[in-house]
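The values are calculated or read from the model by the stated rules, or taken from the named source; none is laboratory data. Note that this is a predicted model, so its numbers are computed, not measured. So basically every Cβ, Gly included, is an ideal-geometry build from the backbone, and we count neighbours across all protein chains shown. The area values use the complete protein model at the heavy-atom level, side chains included, leaving out ligands, DNA and RNA. Shrake-Rupley method; radii C 1.70, N 1.55, O 1.52, S 1.80 Å.
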Amino acid sequence: MLIPHPLLGLRDAEEFTYLGDARLLDRPDGMAEGAAAAFYEYVHLRDNPAGVHRELWFHEQGDRSWLVVTRNTVTHEILGAELARNVKGGAA
Amino acid sequence: MRYSGLRVIKEALTGHKGWKPIWRNPEPQSSYDYIIIGGGGHGLATAYYLSNTFKKARIAVLEKGWLGSGNIGRNTTIIRSNYLLPGNEPFYEFSMKLWENLEQEFNFNAMVSQRGILNLLHTDAQRDAYRRRGNAMILAGADAELLDQDGVRAMYPWLNFDNARFPIKGGLLQRRAGTARHDGVAWGYARGADLKGVDLIQNCEVTGFRIENGTMRGVETSRGYIAANKVGVAVAGSTGRVMAMAGMRMPIESHVLQAFVSEGLKPTIDGVITFGAGHFYVSQSDKGGLVFGGDIDGYNSYAQRGNMAVIEDVAQGGMALMPAIGRARLLRVWGGIMDMSMDGSPIIDRTPVSGLYLNAGWCYGGFKATPASGYAFAHLLATDTPHETARAYRLDRFERGLPIDEKGMGAQPNLH
Ligand SMILES: Cc1cc2nc3c(=O)[nH]c(=O)nc-3n(C[C@H](O)[C@H](O)[C@H](O)COP(=O)(O)OP(=O)(O)OC[C@H]3O[C@@H](n4cnc5c(N)ncnc54)[C@H](O)[C@@H]3O)c2cc1C
């Protein structure tokens, strides 16, 4: 699989480490009401779709940026990649 | 029909014209007492024990493809009970004992072969860890032996003992472990269930659930609606998709695992060898092919094929362990979809929907579990209580902070 890195162009997926669903960017507030339940879902439950999946890849052997890659889990076709910090609005 | 040596001789003398299909191909009825979704190893074993051991009737297995078209027909056939944790080891040892009597039990040749599994070790720390694991196994009634380097050399003199990074210092041996014919296991259970009147319905995909006031009423399928008050889901890699139809998110990600077989070679490896440090394991099939594999690819996948990078990685592991493998040609590569759970251990439990039961999270190691998984799931479906060896496999263990994490990796499915 080749990942279209927004800054570096097409890079081999081998240069990256995979974390999982990009929803992990939305970390619950640990101080909020119901934080325990929110963290249980955040840490353990996944949509795990067959089809389009937005997911986090870390360019470990490259520029060490986090990407949000949009990929089809049935065909392995990669539909796009963005810098995670842009998706997250600079907060991460 | 009972199989026997006499029968084989008789058929050989009469041109093998007397063999008949070994299960019926029935139309679905409008309702059942029990529906099992998934005609893989676990679904078929569940139907077998539900009908044979727990004496239940009006049972159907619904399979979207043909029986055994999923992981049961794709795995590398290793059976073992060499786990460490108390939630796991008694269950896998129960499975091992069921394997040891399986062929007599269902009168079918599953080619169960207790040829032994050897886990190689390379450091003092690993020796300590394996000693501890071996003791845990023995405490649970399994067998384990710690071998030193000479012990390993006596078994497999041609291994690369002096690898600079991972010199072989010994290994943990379980002699009662081994391999079994994966398809034969599925067929044996299917036949045994069919003989007790279980309807094995193929080309029947479950497309939805009918749930009223939190209670299971039946399933929508590609062959129409079928009513049932008790529905057991045993769909391995498809768990996320199927349970989403019941409105549930699962502590599971689907990942692809690849496996490999070489051309047929002369007998070389008479047991199973695992080289965990090099992400490689190997055995030799009765036809002579080297059957081997390594890690999952590591990203979410529903494609039953993987990527080149892992093929290379596994080949490198093989070369490091047994350089002679470089001379063998690869015959086939394939993949299957793993239900990777958040702690690497399975789930056999009820769900928040009354009448909906779940059997999932087998990761890359559910083949060895097939007999115990079927037995425990049938126990749960028949009695509404967990089997004594499967009590820890609860769906709510993640919420309650009671994961069963053999590898200590945390909630990161691609690391288990
Ligand atoms: C390459 C590879 C190597 C492996 N090696 C080993 C090993 O050496 N030892 C070991 O212990 N384990 C191994 N495993 C793991 C083992 O194969 C699985 O954990 C186990 O087979 C899963 O249970 P099962 O047999 O019931 O799954 P499956 O055979 O996959 O059964 C699930 C069935 O559900 C059906 N299904 C899915 N969705 C629906 C639906 N909506 N409606 C109806 N039916 C549906 C599927 O078609 C499938 O037939 C390996 C797996 C792979 C892929």
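General observations
- Residue within segment B:366-383 that is within 12 Å of the chain's Cα centre (by Cα) and open to solvent by 30 Å² or more (accessible area, probe 1.4 Å) present: no
- Any hit, segment B:57-69, residues being within 14 Å of chain A (Cβ to nearest Cβ) and within 16 Å of the ligand (Cβ to nearest atom): yes
- Of the strands (runs of 3 or more DSSP E) contained entirely in segment B:183-268, those carrying at least 3 residues that are open to solvent by 10 Å² or more (accessible area, probe 1.4 Å) and modelled with pLDDT of 95 or more fall at B:206-212, B:215-221, B:224-233, B:252-264.
- Segment B:180-207 - residue that is more than 12 Å from the ligand (Cβ to nearest atom) and under 13 Å from B:GLU103 (Cα atoms) and, of those, nearest to the other protein chains (Cβ to nearest Cβ): B:TRP187
- Taking the criterion of being charged (D, E, K, R) and more than 14 Å from chain A (Cβ to nearest Cβ), the residues of segment B:375-416 that qualify are B:ASP384, B:GLU388, B:ARG391, B:GLU406, B:LYS407.
- Hey, B:GLY39 buried (at least 24 other Cβ atoms within 10 Å of the Cβ), in contact with a Leu (Cβ under 7 Å, 6 or more places away or on another chain) and not assigned by TED's automatic domain parsing to the domain that holds B:ILE296 or not: yes
- Within segment B:151-172, being of a type in the set (Lys, Arg) and surrounded by 16 or more Cβ atoms within 10 Å (Cβ to Cβ) holds for one residue alone: B:LYS169.
- Segment B:305-352, residues that are more than 16 Å from the ligand (Cβ to nearest atom), in contact with a Ser or Thr (Cβ under 7 Å, 6 or more places away or on another chain) and of a type in the set (A, V, I, L, M): B:ALA328
- Scope segment B:196-217; condition among the hydrophobic types (A, V, I, L, M, F, W, C) and free of Cβ contacts under 8 Å to residues at least 60 places away in the same chain; matching residues: none
- Failed criterion for B:LEU330 (all others in (1) within 14 Å of chain A (Cβ to nearest Cβ); (2) within 25 Å of B:ASN75 (Cα to Cα) hold): (1)
- Matching residues in segment B:287-302 - criterion: being open to solvent by 10 Å² or more (accessible area, probe 1.4 Å), away from chain A (no Cβ under 14 Å) and either under 20 Å from B:GLN174 (Cα atoms) or within 13 Å of the ligand (Cβ to nearest atom) (or both): B:VAL291, B:PHE292, B:GLY294
- Single condition A:ALA36 does not satisfy, out of (1) open to solvent by 80 Å² or more (accessible area, probe 1.4 Å); (2) of a type in the set (Gly, Ala, Ser); (3) within 8 Å of chain B (Cβ to nearest Cβ): (3)
Every residue, every condition in (1) free of Cβ contacts under 8 Å to residues at least 24 places away in the same chain; (2) assigned to a helix (DSSP H, G or I), yes or no:
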{"site": "B:ASN75", "(1), (2)": "no, no"}
{"site": "B:MET96", "(1), (2)": "no, yes"}
{"site": "B:GLN104", "(1), (2)": "yes, yes"}
{"site": "B:GLY134", "(1), (2)": "no, yes"}
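- Output for segment B:70-86, where each listed residue is surrounded by fewer than 23 Cβ atoms within 10 Å (Cβ to Cβ), among the small types (Gly, Ala, Ser) and either more than 7 Å from the ligand (Cβ to nearest atom) or outside the structural domain of B:ILE37 (by TED's automatic domain parsing) (or both): none
- Looking only at residues of segment A:40-85 that are part of a helix (DSSP H, G or I) and facing another protein chain (nearest Cβ under 8 Å), we find that the one that is surrounded by the fewest Cβ atoms within 10 Å (Cβ to Cβ) is A:GLU41.
- Residue within segment B:43-56 that is at pLDDT 95 or above and out of contact with any helix residue (DSSP H, G or I) (no Cβ under 9 Å at 6 or more places or on another chain) present: no
- Residue in segment B:270-283 that is closer than 22 Å to B:GLU63 by Cβ, surrounded by fewer than 22 Cβ atoms within 10 Å (Cβ to Cβ) and in contact with a strand residue (DSSP E or B) (Cβ under 6 Å, 6 or more places away or on another chain) present: no
- For segment B:10-25, a residue qualifies if it is of a type in the set (Gly, Ala, Ser) and in a helix (DSSP H, G or I), and exactly one does: B:ALA12.
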